[in-house]
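Written out below as structure tokens is the structure these notes cover.
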Amino acid sequence: MTTGNIPDPSSPAKGPVCIIGASGRSGSALCRALLAEGQKIIAVVRSQGNLAPDIAEACQAVRIADLTDSATLALAFEDAAVVVNTAHARHLPAILAATKAPIVALGSTRKFTRWPDDHGRGVLAGEAALKADGRPSIILHPTMIYGAQGEDNVQRLAKLLERLPVIPLPGGGRALVQPIDQRDVTRCLVSAIHLIQNGDVTGPESIVIAGPTAVAYRTFVRMVLYFAGFGGRPIVSLPGWMLMTLSHLTRHIRRLPQIAPEEIRRLLEDKNFDVGPMEQRLGVIPVPLANGLHHLFGNRTHQKQEP
């Protein structure tokens, strides 16, 4: 949901919004939201065949570009009033070099992890590039994204839980998580674009976006089980190192989603963030987790449990 503080898009800056990664989950959701407002957009994709037909038909232009090929980027961003990067933040240095337009980007709260990996280091490098450049920009750092038209994190978890009679969790699943609904990610991106269009951003800004409250991972698992209609499962506590070792087996069991050891390790650290800046600066009040999971799974709670 949003508040009355969200910026007014009634007099946006001239020129279209260029969306990098328009064929991805976050990118396509953003395209549809902006098109519904009557905004002109330029969709930048690696392959036009991956772009949804309704977006391809409605946008002002579709441009093919490879973010690792600097020769194609300047043409891809030509005439853009705002450039939005929904691809990985590691590409921001190349994007900044190819356009003078203000930037809105998706990062990740992975940048806060105690165990840096290529993903987290790429987010940190992209954010550092924005700060060094100094132009009006907003980078949004979402927690784990879930949603019916969003990332598949919760769907993957639900598929795994459906096949497990007992749920083994590292440390008993006591670490905190704070997932964010894809709809809120889209609202935050739209709000950041409006802020830039209205001239309300004068330099680089970094904002964490998350669900309204953190919950223990074991509580999150039980909520997914409930809203997916799978009923209860006993939860057992196992050492993280044991589960990381066992996670290699998911590569060889076709019916189980693959889980990387790094994903298990990240379940041992808390993800607990203040959403005050998200609410105050972007005007977006995040959807409660129970509401988001109900929206994601629809009526499966009752359908699965009825005799």
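The values are calculated or read from the model by the stated rules, or taken from the named source; none is laboratory data. Computed from a predicted model, the values in this text were never measured in an experiment. Heads up, the Cβs are rebuilt from the backbone with ideal geometry, glycines too, and the neighbour counts pull from every protein chain shown. Ligands, DNA and RNA are stripped out before the accessible areas are found, and what is left, the full protein with its side chains, is counted by its heavy atoms. Shrake-Rupley method; radii C 1.70, N 1.55, O 1.52, S 1.80 Å.
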Original post:
Which condition breaks for Gly240 when tested against (1) in contact with a strand residue (DSSP E or B) (Cβ under 6 Å, 6 or more places away or on another chain); (2) modelled with pLDDT of 70 or more?
Top reply: (2)
**OP:** Could you please find all residues in region 49-66 being over 21 Å from Ile193 (Cα atoms) and either outside any helix (DSSP H, G or I) or in contact with a helix residue (DSSP H, G or I) (Cβ under 8 Å, 6 or more places away or on another chain) (or both)?
**Re:** Leu51, Ala52, Asp54, Ile64, Ala65, Asp66
Original post:
Only one of these conditions is not met by Leu289: (1) at pLDDT below 90; (2) within 18 Å of the chain's Cα centre (by Cα). Which number is it?
Top reply: (1)
Subject >> The one condition in (1) in contact with a strand residue (DSSP E or B) (Cβ under 7 Å, 6 or more places away or on another chain); (2) open to solvent by 10 Å² or more (accessible area, probe 1.4 Å); (3) under 19 Å from Val84 (Cβ atoms); (4) assigned to a helix (DSSP H, G or I) that Ala192 fails to fulfil >> reply: (2)
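Determine, yes or no, whether Phe230 is open to solvent by 20 Å² or more (accessible area, probe 1.4 Å), aromatic (Phe, Trp, Tyr), modelled with pLDDT under 95 and not in a strand (DSSP E or B). Give the steps one after another, and end with the answer.
Working: open to solvent by 20 Å² or more (accessible area, probe 1.4 Å): yes; aromatic (Phe, Trp, Tyr): yes; modelled with pLDDT under 95: yes; not in a strand (DSSP E or B): yes.
When the stated conditions are applied, Phe230 passes them.
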**OP:** Give Ala129, Ala94, Ala74, Ala81 a once-over and let me know the one that is more than 24 Å from Gln182 (Cβ to Cβ) and surrounded by 23 or more Cβ atoms within 10 Å (Cβ to Cβ).
**Re:** Ala129
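Taking region 152-192 only, how many residues are of a type outside the set (Lys, Arg) and within 15 Å of Ile209 (Cα to Cα)?
To start, the set of residues in region 152-192 that are of a type outside the set (Lys, Arg) comprises 152-155, 157-158, 160-162, 164-173, 175-182, 184-186, 188-192.
Then keep just the ones that are within 15 Å of Ile209 (Cα to Cα); that gives 177-182, 184-186, 188-192.
Of the residues in region 152-192, 14 are of a type outside the set (Lys, Arg) and within 15 Å of Ile209 (Cα to Cα).
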Subject >> Odd one out for Arg46, checked against (1) in contact with a strand residue (DSSP E or B) (Cβ under 8 Å, 6 or more places away or on another chain); (2) charged (D, E, K, R); (3) more than 16 Å from Thr86 (Cβ to Cβ) >> reply: (3)
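Can you spot a residue in region 251-269 that is touching a helix residue (DSSP H, G or I) at 6+ places or on another chain (Cβ under 7 Å) and at pLDDT 85 or above? Can you show your working first?
Initially, region 251-269 is screened for residues touching a helix residue (DSSP H, G or I) at 6+ places or on another chain (Cβ under 7 Å), giving 255-261, 264-265, 267-268.
Within this subset, residues satisfying the condition of being at pLDDT 85 or above are none.
No, region 251-269 contains no residue that is touching a helix residue (DSSP H, G or I) at 6+ places or on another chain (Cβ under 7 Å) and at pLDDT 85 or above.
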**OP:** Considering each of Arg46, Arg63 in turn, give the residue that is at pLDDT below 95 and open to solvent by 10 Å² or more (accessible area, probe 1.4 Å).
**Re:** Arg46
Original post:
How many residues does region 196-207 hold that are closer than 23 Å to Arg25 by Cβ and either buried (at least 21 other Cβ atoms within 10 Å of the Cβ) or among the hydroxyl-bearing types (Ser, Thr, Tyr) (or both)?
Top reply: 2
